[in-house]
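First the structure, then my questions, so here it is.
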Amino acid sequence: MRALVTGGAGFIGSHLCEFLLDQGWEVVCMDNFVTGSPENVAPLQARPGFRLVRHNVTEYLRVDGPLDWVLHLASPASPRDYLELPIQTLKVGALGTHNALGLAKAKDARCLLASTSEVYGDPLIHPQREDYWGNVNPVGPRGVYDEAKRFAEAITMAYHRFHGVDTRIARIFNCFGPRMRIDDGRAIPAFISQALAGRPLTVFGDGSQTRSFQYISDLIDGLWRLVRAPVTDPVNLGNPQEMTLLELAKRILRLTGARSEIVFRPLPTDDPKVRQPDIGRARALLAWEPRVDVDEGLRLTIDWFRQRLRG
């Protein structure tokens, strides 16, 4: 099997490239390194079957030779990134997804879209099921990411229905683990780096907003199962273990042994108040559910951050 992984030098993409190589696949990793890093895939460079291509997926895609899969993960994914790169975020969700689907069609390959729980916006239904259409502000600052992914889902289904492309849509809920960028602005990297540096942990709002965190190995297992299952409708991949961000901050203080104080800052515009996946569809169709305990995943991530910060 041979796959193109767009955004393959990013946090999730690099783990997926490594996993596919372990399965004996050939992997073409494509990234323009706006948010990804060559360092994430440096250990893969010497492995047989791996090829790294620097390219922006919003421009015409060409890959020589056959392809069995196009796995489209390219996109800024943290609020800091897509607020600083709003046009690029919209373009990769629209033009990039169009190009990825067009390549899959031309190569008679299958295509997986890495979508997001952010398509649900600030949800009025809790927990979130795949048949919920969401509550998104299209003209708010977060709309550039939310609507880019909603468009990406729509064009993916259009290619499936109109052109017969075999597609998959993974709605990914908050994921964490090694290779996250220390400065990407998401809660776990921010809290861990602040705690390890002895700085105050910054919690937005009163910290009562909830998130559900899955460890990277669980997500990769879910994506692998989705690749092998004939499921064209969206599938939530996330950990139903919901917690408040204040609780998360306290957990990280406990696990790091830090004595940092917690400080509160104003809540960003349109920040979701709750986030929890209903994974009934993943359980039924993929026989998948998270297996890594959140505290164990946090310990592994903290250890990785410690090494990075020392370096």
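Count, please, the residues in segment 154-171 that happen to be assigned to a helix (DSSP H, G or I), surrounded by fewer than 22 Cβ atoms within 10 Å (Cβ to Cβ) and not aromatic (Phe, Trp, Tyr).
Number of matching residues: 7.
Still on this model: So Met30 fits all but one of (1) under 18 Å from the mean Cα position of the chain (by Cα); (2) among the hydrophobic types (A, V, I, L, M, F, W, C); (3) under 21 Å from His160 (Cβ atoms); what number is the exception?
Of everything listed in (1) under 18 Å from the mean Cα position of the chain (by Cα); (2) among the hydrophobic types (A, V, I, L, M, F, W, C); (3) under 21 Å from His160 (Cβ atoms), Met30 misses just condition (3).
Looking at this structure, is Ala229 on the phi > 0 side of the Ramachandran plot and modelled with pLDDT of 95 or more? Before the answer, list the steps.
On the way: on the phi > 0 side of the Ramachandran plot: no; modelled with pLDDT of 95 or more: yes.
Taking the combined requirement at face value, the residue does not satisfy it.
Identify the single condition in (1) within 18 Å of the chain's Cα centre (by Cα); (2) crowded, with 20+ Cβ neighbours inside 10 Å; (3) farther than 27 Å from Pro138 by Cα that Phe19 does not satisfy, given that it satisfies every other one.
Going through the list (1) within 18 Å of the chain's Cα centre (by Cα); (2) crowded, with 20+ Cβ neighbours inside 10 Å; (3) farther than 27 Å from Pro138 by Cα, Phe19 breaks only (2).
Please work out which residue is modelled with the lowest pLDDT, limiting yourself to segment 171-209 and to residues that are among the small types (Gly, Ala, Ser) and closer than 24 Å to His72 by Cα.
Residues of segment 171-209 among the small types (Gly, Ala, Ser): 177, 185, 187, 190, 193, 195, 197-198, 205, 207-208.
If we keep only those that are closer than 24 Å to His72 by Cα too, we end up with 177, 185.
Numbers: Gly177: 98, Gly185: 89.
Ranking the candidates gives Gly185 first.
Follow-up. Return yes or no: is Val139 more than 18 Å from the chain's Cα centre (by Cα), surrounded by 19 or more Cβ atoms within 10 Å (Cβ to Cβ), of a type in the set (Val, Ile, Thr) and part of a loop (DSSP other than H, G, I, E, B)? Can you show your working first?
Values: more than 18 Å from the chain's Cα centre (by Cα): yes; surrounded by 19 or more Cβ atoms within 10 Å (Cβ to Cβ): no; of a type in the set (Val, Ile, Thr): yes; part of a loop (DSSP other than H, G, I, E, B): yes.
Considered against the rule, which asks whether it is more than 18 Å from the chain's Cα centre (by Cα), surrounded by 19 or more Cβ atoms within 10 Å (Cβ to Cβ), of a type in the set (Val, Ile, Thr) and part of a loop (DSSP other than H, G, I, E, B), Val139 comes out as no.
To continue, here is another question. Is it true that some residue in segment 118-134 is assigned to a helix (DSSP H, G or I), surrounded by 23 or more Cβ atoms within 10 Å (Cβ to Cβ) and either free of Cβ contacts under 8 Å to residues at least 40 places away in the same chain or touching a Phe, Trp or Tyr at 6+ places or on another chain (Cβ under 7 Å) (or both)? Outline the logic, then answer.
To start, the set of residues in segment 118-134 that are assigned to a helix (DSSP H, G or I) comprises 118-120.
Imposing the further condition that a residue be surrounded by 23 or more Cβ atoms within 10 Å (Cβ to Cβ) reduces the set to 118-120.
Those left that are additionally either free of Cβ contacts under 8 Å to residues at least 40 places away in the same chain or touching a Phe, Trp or Tyr at 6+ places or on another chain (Cβ under 7 Å) (or both): 118, 120.
Within segment 118-134 (the criterion being assigned to a helix (DSSP H, G or I), surrounded by 23 or more Cβ atoms within 10 Å (Cβ to Cβ) and either free of Cβ contacts under 8 Å to residues at least 40 places away in the same chain or touching a Phe, Trp or Tyr at 6+ places or on another chain (Cβ under 7 Å) (or both)), the answer is yes, since at least one residue qualifies.
Check off (1) of a type in the set (Ser, Thr, Tyr); (2) closer than 21 Å to Ile87 by Cα; (3) within 20 Å of the chain's Cα centre (by Cα) for Tyr60 and give me the number that stays unchecked.
(3)
Can you find even one residue in segment 63-72 that is farther than 15 Å from Met180 by Cα, surrounded by 24 or more Cβ atoms within 10 Å (Cβ to Cβ) and of a type outside the set (A, V, I, L, M, F, W, C)? Don't jump to the end; show me each part of the working.
Within segment 63-72, the first condition is being farther than 15 Å from Met180 by Cα, and the residues that meet it are 63-72.
Retained after the next criterion (residues that are surrounded by 24 or more Cβ atoms within 10 Å (Cβ to Cβ)): 70-72.
Then keep just the ones that are of a type outside the set (A, V, I, L, M, F, W, C); that gives 72.
Yes, there is a match, as at least one residue in segment 63-72 is farther than 15 Å from Met180 by Cα, surrounded by 24 or more Cβ atoms within 10 Å (Cβ to Cβ) and of a type outside the set (A, V, I, L, M, F, W, C).
Among (1) in contact with a strand residue (DSSP E or B) (Cβ under 6 Å, 6 or more places away or on another chain); (2) under 30 Å from Gly164 (Cα atoms); (3) acidic (Asp, Glu), there is one condition Glu242 misses while meeting the rest; what is its number?
(2)
Is there a residue being of a type in the set (A, V, I, L, M, F, W, C) and in contact with a strand residue (DSSP E or B) (Cβ under 7 Å, 6 or more places away or on another chain) anywhere in segment 295-309? It would help to see each step written out before you state the result.
Step one: of segment 295-309, the residues of a type in the set (A, V, I, L, M, F, W, C) are 298, 300, 302, 304-305, 309.
Those still in the list that are in contact with a strand residue (DSSP E or B) (Cβ under 7 Å, 6 or more places away or on another chain) too: none.
Checking segment 295-309: not a single residue is of a type in the set (A, V, I, L, M, F, W, C) and in contact with a strand residue (DSSP E or B) (Cβ under 7 Å, 6 or more places away or on another chain).
Take the conditions under 24 Å from Ile182 (Cβ atoms) and surrounded by fewer than 19 Cβ atoms within 10 Å (Cβ to Cβ) and apply them to Pro43. Does it pass?
Numbers: under 24 Å from Ile182 (Cβ atoms): yes; surrounded by fewer than 19 Cβ atoms within 10 Å (Cβ to Cβ): yes.
For Pro43, the condition - under 24 Å from Ile182 (Cβ atoms) and surrounded by fewer than 19 Cβ atoms within 10 Å (Cβ to Cβ) - is met.
Taking only pairs six or more apart or across chains, which ones have beta-carbon atoms under 9 Å, a first residue in segment 39-67 that is at positive phi, and a second residue that is in a loop (DSSP other than H, G, I, E, B) and surrounded by 15 or more Cβ atoms within 10 Å (Cβ to Cβ)?
What qualifies is Gly49/Trp25.
Any idea how many residues of segment 102-115 are surrounded by fewer than 24 Cβ atoms within 10 Å (Cβ to Cβ) and either in contact with a strand residue (DSSP E or B) (Cβ under 8 Å, 6 or more places away or on another chain) or outside the structural domain of Leu61 (by TED's automatic domain parsing) (or both)? Spell out the reasoning first.
Keep residues of segment 102-115 that are surrounded by fewer than 24 Cβ atoms within 10 Å (Cβ to Cβ), which gives 102-103, 105-110.
Pick out the ones that are also either in contact with a strand residue (DSSP E or B) (Cβ under 8 Å, 6 or more places away or on another chain) or outside the structural domain of Leu61 (by TED's automatic domain parsing) (or both) and you get 103, 107, 109-110.
Summing the residues that are surrounded by fewer than 24 Cβ atoms within 10 Å (Cβ to Cβ) and either in contact with a strand residue (DSSP E or B) (Cβ under 8 Å, 6 or more places away or on another chain) or outside the structural domain of Leu61 (by TED's automatic domain parsing) (or both) in segment 102-115 gives 4.
Looking for something at pLDDT 95 or above and either in a helix (DSSP H, G or I) or touching a Lys or Arg at 6+ places or on another chain (Cβ under 7 Å) (or both) - is there at least one such residue anywhere in segment 2-10?
Looking for residues that are at pLDDT 95 or above and either in a helix (DSSP H, G or I) or touching a Lys or Arg at 6+ places or on another chain (Cβ under 7 Å) (or both), one finds none in segment 2-10, hence no.
Pairs only if they're at least six apart or on different chains, beta carbon under 8 angstrom, first in segment 145-171 and more than 15 Å from Pro234 (Cβ to Cβ), second among the aliphatic types (A, V, I, L, M) and surrounded by fewer than 23 Cβ atoms within 10 Å (Cβ to Cβ); list them, first residue then second.
The qualifying pairs are Glu147/Leu90; Glu147/Val136; Ala148/Leu90; Ala148/Ala94.
Here's the yes/no breakdown for (1) assigned by TED's automatic domain parsing to the domain that holds Ala74; (2) closer than 25 Å to Ser14 by Cα; (3) not hydroxyl-bearing (Ser, Thr, Tyr):
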residue	(1), (2), (3)
Arg161	yes, no, yes
Ile169	yes, yes, yes
Arg199	no, no, yes
Phe264	no, no, yes
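The values are calculated or read from the model by the stated rules, or taken from the named source; none is laboratory data. Source: prediction; values computed, not measured. Every residue, glycine among them, receives a Cβ derived from its backbone with ideal geometry; neighbour counts consider all protein chains shown.
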